[in-house]
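This report concerns only the one structure given below.
The values are calculated or read from the model by the stated rules, or taken from the named source; none is laboratory data. Note that the coordinates shown come from a computational prediction; the quantities given were computed from them, not determined experimentally. Don't worry about glycine lacking a Cβ; one is built from the backbone with ideal geometry, like all the others, and counts go over all protein chains shown. Each accessible area value is taken on the protein alone, full model and side chains, heavy atoms only, with ligands, DNA and RNA left out. Shrake-Rupley method; radii C 1.70, N 1.55, O 1.52, S 1.80 Å.
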Amino acid sequence: MKLSGYATKINTLRTTAIVGIKDESPTVKTYTLQDDLCSKAKPGQFLMLWIPGIDEIPLSILNGGNGQVQFSVKAVGDATRHLHDMQIGDLLGVRGPFGNSFTETRGRVLLVGGGTGTAPLLFLAKRLAAKIDRLSFVVGAKTRKELVFLEELDAMCTDESAIATTEDGSYGLHCLATEPLESLLDKQKFNMIYACGPERMVRKIFDIAEKRKLPMEASLERLMRCGIGLCGSCMIGKYRVCKDGPVFKMAQLSEIKNELGISKLGFDGSRIDI
Amino acid sequence: MSNSLLTVNIAGMNLGSPTALASGILGYTAESLRLVAEGGAGAVVTKSVGVAPRPGYPNPTVVQADSGLINAVGLPNPGIDFYVEELTYAKSLLPVPLIVSVFGYTAEEYALVSKKAVEAGADAVELNVSCPHVKYTGSEIGQNPKLLTDVVCKVKAAVQKPVIVKLSPNVTDITELAKAAENAGADALTVINTVRAVAINVETQRAVLSNIRGGLSGPAIKPIALRCVYDVFEAVKLPIFGCGGITDWRDAVEFFLAGASAVQVGTAVGSEDPTVFQAINRGVASYLKRKAYGSVNEIVGLCHQD
Ligand SMILES: Cc1cc2nc3c(=O)[nH]c(=O)nc-3n(C[C@H](O)[C@H](O)[C@H](O)COP(=O)(O)OP(=O)(O)OC[C@H]3O[C@@H](n4cnc5c(N)ncnc54)[C@H](O)[C@@H]3O)c2cc1C
Ligand SMILES: Cc1cc2nc3c(=O)[nH]c(=O)nc-3n(C[C@H](O)[C@H](O)[C@H](O)COP(=O)(O)O)c2cc1C
Ligand code: FES
């Protein structure tokens with residue numbers, strides 16, 4: 001086979017039955033599928049999930065191992081609502097894993113997650129836990145109901161528990177996830193900040209990290225169709241989020257400053273505000 | 001790559017290398033086009049653009065087949081009035097010719113979009129009369145010599161830049177359409193667009209693409225594309241961009257020998273990365289040296305000699 005740059009096997013659609021569904025919150029569910037290739041994914045990678053007859057959507061991988069893969073889905077529209085209505089045993093299609101992954105660092109790391117953007121960070125935290133000195137987590141959501149993985153996150157953190165924030169004050173600190181950052185960074189030295197979540201949050205974290213000259217990696221989202229770097233739907237600056245990303249390093253984030261948290265391509269290829 | 005071995009002139013455009021980017025691969029944004037030019041492409045063709053914005057079809061829009069991809073993206077595009085800004089920017093960034101792919105539902109629409117594209121800086125337009133999966137445009141025009149003639153005539157009347165016609169393989173006799181395009185005044189042809197195809201999933205017993213029918217690209221269609229180029233070369237005098245399944249230098253050379261003056265690469269940009277153009281160019285150059293040719297032009301159509 002000549003198509004050598006990516007393994008065509010990874011891009012071949014596999015159909016597989018749902019083997020597990022867990023309610024994380026009233027709006028978020030975690031699904032478990034049997035899939036060898038995705039079970040070997042690294043933190044930061046994503047898969048394309050085919051909901052037969054409805055849509056195909058990108059989802060970050062929450063965990064993988066023993067031939068199984070997990071992802072968490074927030075019901076926001078047609079495809080994700082259909083998925084929320086599905087039962088164990090129902091068939092889904094999956095291809096991937098796609099994209100790059102977070103680089104694993106040593107020392108002290110700070111993870112900042114917003115909403116379901118926390119999923120790939122939790123995956124990363126599990127992989128890092130044994131290797132690093134200190135792990136701190138800040139998670140934010142609009143409201144208590146959307147704060148996910150809290151218990152698991154608490155268990156991952158080294159000294160204190162994870163810092164939770166809600167925009168409506170229904171749990172934890174009454175603020176955005178970015179707010180506790182400055183004082184946290186004043187108090188302690190971190191070797192790396194990892195971020196994933198709403199892009200305006202990521203942008204704020206980027207601005208803080210840039211000002212303080214701290215290394216950072218962020219996982220970004222863009223409209224995805226092919227997932228393999230071909231169709232151009234997911235461009236941000238000169239990068240294809242599906243292939244050059246979804247994880248971007250500080251220097252790359254600087255290069256895409258004029259789009260980060262500001263604008264993206266819509267379904268028709270026009271530029272829309274974030 | 002400024003290498004006289006690889007320089008070609010096609011429809012009055014000078015290309016530093018004979019490998020161009022095919023339409024619909026990356027190609028929405030100026031920066032994605034620059035990425036490809038930096039990867040060694042001698043020219044770039046944009047995503048097809050029409051009069052009005054189109055969101056395209058819902059996913060799945062691209063599915064892996066045994067030896068290629070099937071896509072029914074559905075011509076998503078922001079409409080020419082929005083796109084002119086991106087084109088102007090692209091023109092300022094690009095070190096290679098900018099070819100704008102155009103589609104329409106009527107000959108007048110093709111002409112209008114072409115005119116605006118040229119005003120925004122296009123070095124040529126490529127008429128997509130061969131998209132296999134959108135109704136009332138694309139191959140519905142490219143399968144009908146009368147409609148095709150009308151479209152090409154109206155576009156020629158509207159613009160001063162070269163007009164390239166991209167032909168569909170989904171016809172009984174591709175030479176008939178090639179001749180119609182030539183007689184109507186086209187300056188070059190791109191041969192071929194994707195081959196109409198369907199992907200079926202056995203477990204769910206469904207067609208996978210949301211549009212059901214799509215277009216097959218990649219290595220699977222190379223022999224078909226080669227046959228089309230071979231036939232068209234014998235039927236008309238127009239220069240040809242060979243396109244379909246080109247992944248490495250050997251594929252490209254096969255197209256030159258069949259009669260293509262230059263080639264376009266699509267699917268391999270995803271499978272190999274945007275630097276695929278450099279890799280192909282290097283391979284073609286060393287083939288030419290090994291065979292003691294001074295220019296890629298010398299091997300165009302060579303296998304038609306006897
Ligand atoms: C790399 C990546 C990882 C993601 N990981 C997760 C995750 O772990 N959990 C989760 O709940 N969500 C995740 N998302 C977002 C998820 O893909 C969208 O919520 C989903 O596609 C919405 O589909 P819908 O039909 O329910 O909603 P719609 O009403 O169709 O869309 C709602 C919004 O979702 C986004 N969206 C829709 N289709 C796509 C698409 N094909 N590609 C990208 N964005 C789209 C758009 O911003 C749109 O405005 C991720 C997105 C990306 C790009
Ligand atoms: C995802 C995708 C989108 C495409 N979009 C267009 C398009 O908008 N206009 C067009 O003329 N051709 C389009 N094509 C066809 C390609 O330009 C090319 O003719 C075809 O893919 C064969 O070449 P390849 O095998 O090198 O990909 C598209 C192909 C793919 C794979
Ligand atoms: S989704 Fe097609 S290039 Fe990224």
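Structure summary
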read-out: Any helices (runs of 4 or more DSSP H) falling wholly within segment B:247-296 and containing at least 2 residues that are of a type in the set (Ser, Thr, Tyr) and either in contact with a Ser or Thr (Cβ under 9 Å, 6 or more places away or on another chain) or within 14 Å of chain A (Cβ to nearest Cβ) (or both); value: B:267-272
read-out: Any chance A:Asp35 is without any contact (Cβ under 8 Å) to a residue 60 or more places away in the chain and surrounded by fewer than 18 Cβ atoms within 10 Å (Cβ to Cβ); value: no
read-out: Of the criteria (1) out of contact with any strand residue (DSSP E or B) (no Cβ under 9 Å at 6 or more places or on another chain); (2) more than 8 Å from chain B (Cβ to nearest Cβ), which one A:Ile274 fails; value: (1)
read-out: Subset of segment A:43-58 [buried (at least 24 other Cβ atoms within 10 Å of the Cβ) and at the interface with chain B (Cβ under 7 Å from one of its Cβ atoms)]; value: A:Trp50, A:Glu56
read-out: Residue in segment B:262-272 that is modelled with pLDDT under 95 and open to solvent by 30 Å² or more (accessible area, probe 1.4 Å) present; value: yes
read-out: Criterion (within 14 Å of chain A (Cβ to nearest Cβ), more than 16 Å from ligand 1 (Cβ to nearest atom) and touching a strand residue (DSSP E or B) at 6+ places or on another chain (Cβ under 9 Å)) met by exactly one of B:Gly142, B:Gly104, B:Gly79, B:Gly121; value: B:Gly79
read-out: Flag if B:Arg206 is closer than 30 Å to A:Ile54 by Cα and either among the basic types (Lys, Arg) or in contact with a Leu (Cβ under 9 Å, 6 or more places away or on another chain) (or both); value: yes
read-out: Residues satisfying the stated conditions in segment A:200-218, i.e. under 15 Å from A:Gln252 (Cα atoms) and open to solvent by 10 Å² or more (accessible area, probe 1.4 Å); value: A:Arg203, A:Asp207, A:Glu210, A:Lys213, A:Leu214, A:Pro215
read-out: Looking only at segment B:48-61, and only at residues there that are touching a helix residue (DSSP H, G or I) at 6+ places or on another chain (Cβ under 9 Å) and not small (Gly, Ala, Ser), the one that is farthest from the other protein chains (Cβ to nearest Cβ); value: B:Val51
read-out: Answer from A:Phe248, A:Phe206, A:Phe267, A:Phe190 - the residue that is over 30 Å from B:Ile80 (Cα atoms), within 16 Å of ligand 3 (Cβ to nearest atom) and either free of Cβ contacts under 8 Å to residues at least 60 places away in the same chain or more than 14 Å from chain B (Cβ to nearest Cβ) (or both); value: A:Phe248
read-out: Selection from segment A:11-32 of residues that are open to solvent by less than 40 Å² (accessible area, probe 1.4 Å) and not in a loop (DSSP other than H, G, I, E, B); value: A:Asn11, A:Thr15, A:Thr16, A:Ala17, A:Ile18, A:Gly20, A:Val28, A:Thr30, A:Tyr31, A:Thr32
read-out: Among (1) more than 14 Å from every other protein chain (Cβ to nearest Cβ); (2) in contact with a Lys or Arg (Cβ under 8 Å, 6 or more places away or on another chain); (3) open to solvent by less than 10 Å² (accessible area, probe 1.4 Å); (4) closer than 26 Å to B:Lys222 by Cα - the single one B:Gly74 does not satisfy; value: (1)
read-out: Residues (touching a residue at least 24 places away in the same chain (Cβ under 8 Å) and surrounded by fewer than 18 Cβ atoms within 10 Å (Cβ to Cβ)) located in segment B:196-210; value: B:Arg196, B:Val198
read-out: A:Ala177 being away from chain B (no Cβ under 14 Å), buried (at least 21 other Cβ atoms within 10 Å of the Cβ) and in a loop (DSSP other than H, G, I, E, B); value: yes
read-out: Criterion: in contact with a Cys (Cβ under 6 Å, 6 or more places away or on another chain) and either assigned to a strand (DSSP E or B) or surrounded by fewer than 21 Cβ atoms within 10 Å (Cβ to Cβ) (or both) - qualifying residue of A:Gly169, A:Gly117, A:Gly140, A:Gly113; value: A:Gly113
read-out: Residue within segment A:226-242 that is more than 14 Å from chain B (Cβ to nearest Cβ) and either touching a strand residue (DSSP E or B) at 6+ places or on another chain (Cβ under 7 Å) or β-branched (Val, Ile, Thr) (or both) present; value: no
